[in-house]
Amino acid sequence: MKQSDYLIKEAVNFIHTCYTELGISEEEQIKRVSDIKAEIHRTGTYHHTSMELTHGAKMAWRNNNRCIGRLLWDTLHIMDARHIHTAEDAYEILVNHINFATNGGNIQSTITIFPPRFDGKDPMRIWNHQLLRYAGYESNGKVIGDSTSIAFTKVCKSLGWQGKQTNFDLLPLVIQELGQSPKLFEIPKGIVREVEITHPQLEVFKTLNLKWYAVPIISDMRLEIGGIDYPMAPFNGWYMGTEIGARNLADEDRYNVLPKIAAIMGLNTKSDRSLWLDKALVELNIAVLYSFEKAGVTIVDHHTAAKQFKAFERNEKKSNRPVTGNRAWLLPPLSSATTHIYHKPYKNDIVTPNYFYQKKAYNSNVKSQTTLGNGS
Ligand code: ARG
């Protein structure tokens, strides 16, 4: 199929679904479709109205099979940044996103949408996986910080950034305009909310010196609406406790704190069947939920999130939309069989609009990164 035929097909599908959901007349749908076809024939692409962009981004959330938090799809705040063309302006907008989304701890689900891909080219890309993320350093087989950031941290260093080598160094933002060298921006310290992890009963927890940032803002996925790709469209919701307590801090190849917790709790780590791992895991997850709540930062526990997902399934049924889902991702990594998700199948069909993985914007093999032209 020709590129323009494909685009028209996707656009027509999207307009009909979107407008019907919004209760817009068939007459207006037909008019909009004919305008879009003309625009595509004239220019090779088409522009979403802000209504289409807003509802499209919400639909993309609703269609994302991995997300357990989809009940709230219609509450997403959309920031239209399609007029932004320089890394400097983008940086300002991203700082704004962090501020707006953090909202003093009362987190607001937000997406900022930058210019779409045109003619196969991305006008701008952000290199970070999330706007807020801790650096990772590896030396002599030992890791400081977040192991998932090791490659990107090297890239930042090659661009002249220097971390403090702590376990929790916030990475800078790296933004690249088409055909230009990437630019690096430090995030103003004052705007980043972080939560120290303490435990409601176990005082010793604070000696672990653990913390995590408040807002997960995914920045490396592509938003696709009606055949149009938005390769730079960072979005956030808020954390489910297990993401931090059962993965980020707990995974053996991430912060790996369970053995330390077992030690301060005096658990018998010699025997697997003492279930010391499980005990430590539960206390860590209690600590994460308690600490966020105490700090006044939005967080959801996995039981509540599963109930909300059940409500989402009911709503979707009422609206005559089939619910798709990726069970492996929907299941919380803790106590999964206590949730209804464990006990039923989900169809992992991919429906658009949606958020997709895309090719990394940088070459993670830093040595061959000679095009950066920064002398390092
Ligand atoms: N799991 C990722 C992390 O721990 C964040 C993914 C998005 N999560 C969310 N609750 N919206 O950083």
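The values are calculated or read from the model by the stated rules, or taken from the named source; none is laboratory data. Remember, predicted model here, so these are calculated numbers, not experimental data. We place every Cβ from the backbone using ideal geometry, glycine too, and count neighbours over all the protein chains shown. Note: accessible area is taken over every heavy atom of the protein model, side chains too, but ligands, DNA and RNA are not part of it. Shrake-Rupley method; radii C 1.70, N 1.55, O 1.52, S 1.80 Å.
Things worth noting here:
- The chain - percent of accessible surface contributed by carbon and sulfur, probe 1.4 Å: 51 percent
- Over the stretch 29-84, volume per residue of the alpha carbon convex hull, in Å³: 122 Å³
- Within the straight-line cut-off of under 25 Å between alpha carbons, the lysines reachable from K2 are K31, K37, K121, K359, sequence neighbours fewer than 8 places apart in one chain being disregarded.
- Shape category assigned to the chain from the gyration tensor of Cα positions, a/c cut at 1.5: oblate
- Å² per residue, accessible surface of the chain at 1.4 Å: 49 Å²
- The length gained on full extension between E252 and H16, counted as 0.36 nm times the residue separation minus their Cα-Cα distance, comes to 80.2 nm.
- Cross-link partners for K183 among the aspartates and glutamates, with Cα-Cα distance under 14 Å and sequence neighbours closer than 8 places in the same chain left out: E88, D89, E92.
- Built amide H within the under 5 Å cut-off of D229, gap 5+: R117
- Whether the stretch 3-160 is rounded, prolate or oblate, judged on the alpha carbon gyration tensor where a/c under 1.5 counts as rounded: prolate
- A full extension of the chain between V192 and S274 corresponds to an added length of 25.6 nm, given 0.36 nm per residue minus the alpha carbon distance.
- The stretch 1-70: trypsin sites (Lys or Arg not before Pro) in DSSP loop, at most 14 other beta carbons within 10 Å: K2, R66
- Free of any GluC sites (Glu not before Pro) that DSSP assigns to a loop and that have at most 13 other C-beta atoms within 10 Å, the longest stretch within the chain is 1-185.
- Candidate lysines for bridging to K344, where Cα separation is under 27 Å - those fewer than 8 sequence places away on the same chain excluded: K58, K307, K310, K317, K318
- Shown is the FRET efficiency for V204 and W161, computed with R0 = 30 Å from the Cβ-Cβ distance and rounded to the nearest 0.05: 0.30.
- Neighbour cut-off at most 15 other Cβ (10 Å), DSSP loop, trypsin sites (Lys or Arg not before Pro), the stretch 173-210: none
- Tilt relative to the chain, helix 302-318 - C-alpha long axis, 0 to 90 degrees, to 10: 20 degrees
- Cα gyration tensor shape for the stretch 193-296, rounded if a/c is under 1.5, else prolate or oblate: prolate
- Cα Rg over Rh - the stretch 107-173, Kirkwood: 1.08
- Counted over the chain, the DSSP beta bridges are approximately 80% antiparallel.
- Distance between modelled label sites at N140 and K359, nm, 7 Å Cα→Cβ extension: 3.9 nm
- Two-site label geometry, S4 and I24: point separation in nm, points 7 Å out along Cα→Cβ: 2.3 nm
- Between helix 50-62 and the chain: long-axis angle, C-alpha atoms, 0 to 90°, nearest 10: 40 degrees
- Each Cα pair under 8 Å and six or more residues apart adds its separation to the average, and for the stretch 72-150 the resulting relative contact order is 26 percent.
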